[in-house]
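Read through the structure below, which is laid out as structure tokens, and then see the notes.
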Amino acid sequence: MIGHILHINHVSKHFGGNVAVSDISFSVDEKQIVGLIGPNGAGKTTLFNCITGFIHVTSGDIIFDNKKINKLRPDEVCRMGMARTWQRVKPLGSLTVLENVMIGAFSITNAAREAEEIAIEQLDSVGLTDYAKKTAGSLSIGLKKKLELARVLATRPKMLLLDEICGGLNHTETDGILVIIREVRNKGATIVFIEHDMKAVTAICDWIVVLNSGEKLAEGTPEDITKNPEVIAAYLGGGQNA
Amino acid sequence: MLIAITAGIASVLPIVTGENPYVIGVMISVLMMAALSSAWNILGGYAGQYSFGHAAYFGAGAYTTMILISKFNFNPLVSIVAGIIAACIIALITGSIVFRLRGHYFGLASIAVAEIVRLSALNFDFTGGAQGILLSDVSLWGLDLNSKNPFYYGMLLVLVVTLGITLYLRTSKTGFYLQAIREDQDAAASLGINLSFYKNKALLISAALTSVLGSLYAVYIRFIDTSAVLDLRLSIEIILTAIIGGVGTLWGPVLGAVLLVPLAELLRSNVIGDALVKHGIVSETSGLGVFLKENLAHAHVLVYGIITVLCILYLPKGILGLFRRAK
């Protein structure tokens, strides 16, 4: 267990009679980049919502940093050092880009001046310095995704959950995001990310977990996963039914 | 800075206007509505939680103060503090229930809570029921509480304090957090913001300030009943003032009050209609003259309503929004 920062232990989530996540277990080591993949409806985002406290698991345990977190609220999970981004970006639209990032930074400081310093530094690291005074709602989708990234990074997370951070971006933008993710990992953070872009996933992930219809189909290194016939059938190649 | 200048100008206004009781009366109404609307703005404008039940906190202050002074002969200042405590208790109960709800449901629930408070005051004996409470005599430090001046400065003081708190909030962690909650509650929670804690904090500040104004108003008028201090109409007037002036801005609610309260007063006293007739522009006996003198005086609520609708349609960011260029 040593080295595991996140441990998903037989987690299930039912919505009424609908089983969204069924008996999933896997672990994430510190400083790993783990990809969570699977077709639409596989339960990836539901699992993220369970981990970050937005919904609570029906059964099973989620252990983060040696503490059970399945009953915590989202803000408590965040203050423990786990931050997330959203598949559909959630900019604080009428606030400026700088203010958005400052709000992230306020989770580690109470002083506005210090929050501003952290925010400025963080904007610089994702290349948004020129947009600091613009309202967040006015940015393009690519810049909004970068803003989300800067905002969660300002909370100085030990672990980062990224929900399709590259979705809707072009190749250049995707590459830019991947460079930032690698840097973040090199500074010591652990990253789990949901992604459909297999090129991005195989390029950056140390480990991949594949979900299908709420169940874990497989996990392994990118090489193993791309060769796994079950994964190919369910997801990558479409299989015989395609 | 601007607050200090405005307060300075406002504090000499009674002297400039020659202490005309009618004018001072209107100015007290302006200051009170400006402060009420600014207090509401902390919760509604910054945290984005539109309370339609702020009359409950105004009434809590007014009733607590009146009961303590008239029945138990309390010092007015002590009874104002007691009013704050009463309002905060109601706010805490309200907050713990209604902040679980989001969006329109929060607004509806806040009306329900305010109506419960109103109906309670109407039916309990110690609140005077439908008769209300009359205060025959009150004194504090030998101030002439029959004059309007102490209340003018009292209202001004509360307004300055409210604006000061708003200004402080804007530059502090709490203010940023409230705005984050207004923009997107899920995003706010995911960034480590304890939603119910900060919403309740905003509600408590807002309710406490509102109750002080209720207390001042009660001692100023010396008579309260549920229709004067607990009515839904009051809650709505507070919101409209903020919306028309500019929600979520420091000066919007003040601007709204400065424009709307005198306007309502003008319409109510029908100054315009009277003037047109007096100067012979419109004959008193003509159809229009009769309309202006008789009907328009009764139609001030209609005119007020039309102006409100026009403002909402054409100035969605309030009058202050006109002067602000988009970033």
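The values are calculated or read from the model by the stated rules, or taken from the named source; none is laboratory data. Please read these numbers as outputs of a predicted model, since none were measured by experiment. Every residue, glycine among them, receives a Cβ derived from its backbone with ideal geometry; neighbour counts consider all protein chains shown.
Examine the stretch B:45-57 for a residue that is within 26 Å of B:W141 (Cβ to Cβ), outside any loop (DSSP other than H, G, I, E, B) and touching a residue at least 12 places away in the same chain (Cβ under 8 Å), and state whether such a residue exists.
No.
Can you name the residue in the stretch A:160-184 that is within 13 Å of the chain's Cα centre (by Cα) and surrounded by fewer than 23 Cβ atoms within 10 Å (Cβ to Cβ) and, of all such residues, is nearest to the other protein chains (Cβ to nearest Cβ)?
A:D163
On the given criteria, is A:F48 modelled with pLDDT under 95, part of a helix (DSSP H, G or I) and either more than 10 Å from chain B (Cβ to nearest Cβ) or surrounded by 17 or more Cβ atoms within 10 Å (Cβ to Cβ) (or both)?
Yes.
Given the residues A:I55, A:I62, A:I69, which is the only one that is aliphatic (A, V, I, L, M), more than 9 Å from every other protein chain (Cβ to nearest Cβ), without any contact (Cβ under 8 Å) to a residue 40 or more places away in the chain and closer than 28 Å to B:I181 by Cα?
A:I69
What tally of residues in the stretch B:211-246 results from selecting those that are in contact with a Leu (Cβ under 6 Å, 6 or more places away or on another chain) and of a type in the set (S, T, Y)?
The qualifying residues number 2.
With the checklist (1) away from chain B (no Cβ under 13 Å); (2) surrounded by 22 or more Cβ atoms within 10 Å (Cβ to Cβ); (3) assigned to a loop (DSSP other than H, G, I, E, B) in hand, flag the one item A:P91 doesn't pass.
Checking A:P91 against (1) away from chain B (no Cβ under 13 Å); (2) surrounded by 22 or more Cβ atoms within 10 Å (Cβ to Cβ); (3) assigned to a loop (DSSP other than H, G, I, E, B), the one that fails is (1).
Kindly check whether there is at least one residue in the stretch A:126-136 that is within 15 Å of B:I193 (Cα to Cα), within 9 Å of chain B (Cβ to nearest Cβ) and of a type outside the set (S, T, Y).
no
So the check is Cβ under 9 Å with 6+ separation or different chains; which pairs have a first residue in the stretch A:94-122 that's outside the structural domain of A:A132 (by TED's automatic domain parsing) and among the aliphatic types (A, V, I, L, M) and a second one that's assigned to a loop (DSSP other than H, G, I, E, B) and buried (at least 24 other Cβ atoms within 10 Å of the Cβ)?
Close Cβ pairs (under 9 Å, with a partner that is assigned to a loop (DSSP other than H, G, I, E, B) and buried (at least 24 other Cβ atoms within 10 Å of the Cβ)) do not exist here.
Give me a count of the residues in the stretch B:192-235 that are among the hydrophobic types (A, V, I, L, M, F, W, C) and over 30 Å from A:T155 (Cβ atoms).
16
Within the stretch A:76-88, restricting attention to residues that are touching a residue at least 12 places away in the same chain (Cβ under 8 Å) and surrounded by fewer than 23 Cβ atoms within 10 Å (Cβ to Cβ), which residue is farthest from the other protein chains (Cβ to nearest Cβ)?
Here the answer is A:Q87.
Take residues that are away from chain A (no Cβ under 14 Å) and out of contact with any Lys or Arg (no Cβ under 9 Å at 6 or more places or on another chain) and tell me which of the helices (runs of 4 or more DSSP H) falling wholly in the stretch B:137-253 contain 3 or more.
The qualifying helices (runs of 4 or more DSSP H) are B:149-170, B:195-221, B:232-245.
Restricting attention to the stretch A:17-38, which residues are assigned to a strand (DSSP E or B) and charged (D, E, K, R)?
A:D23, A:D29 - these are the residues of the stretch A:17-38 that are assigned to a strand (DSSP E or B) and charged (D, E, K, R).
When you scan the stretch B:54-72, do you find a residue that is modelled with pLDDT under 95 and closer than 23 Å to A:S94 by Cα, even just one?
no
Please verify whether A:L149 is within 24 Å of A:T46 (Cβ to Cβ), crowded, with 19+ Cβ neighbours inside 10 Å and assigned by TED's automatic domain parsing to the domain that holds A:S107, treating the condition exactly as stated.
yes
Given the condition assigned to a helix (DSSP H, G or I), over 19 Å from the mean Cα position of the chain (by Cα), farther than 19 Å from B:G154 by Cα and modelled with pLDDT under 90, answer yes or no: does some residue in the stretch B:76-87 qualify?
The answer is no, given that none of the residues of the stretch B:76-87 is assigned to a helix (DSSP H, G or I), over 19 Å from the mean Cα position of the chain (by Cα), farther than 19 Å from B:G154 by Cα and modelled with pLDDT under 90.
Across the stretch A:1-36, what is the number of residues that are touching a helix residue (DSSP H, G or I) at 6+ places or on another chain (Cβ under 6 Å) and of a type in the set (A, V, I, L, M, F, W, C)?
Residues flagged as touching a helix residue (DSSP H, G or I) at 6+ places or on another chain (Cβ under 6 Å) and of a type in the set (A, V, I, L, M, F, W, C) within the stretch A:1-36 amount to 4.
Looking at (1) touching an Asp or Glu at 6+ places or on another chain (Cβ under 8 Å); (2) of a type outside the set (S, T, Y); (3) free of Cβ contacts under 8 Å to residues at least 60 places away in the same chain, which is the only condition B:R118 fails?
(3)
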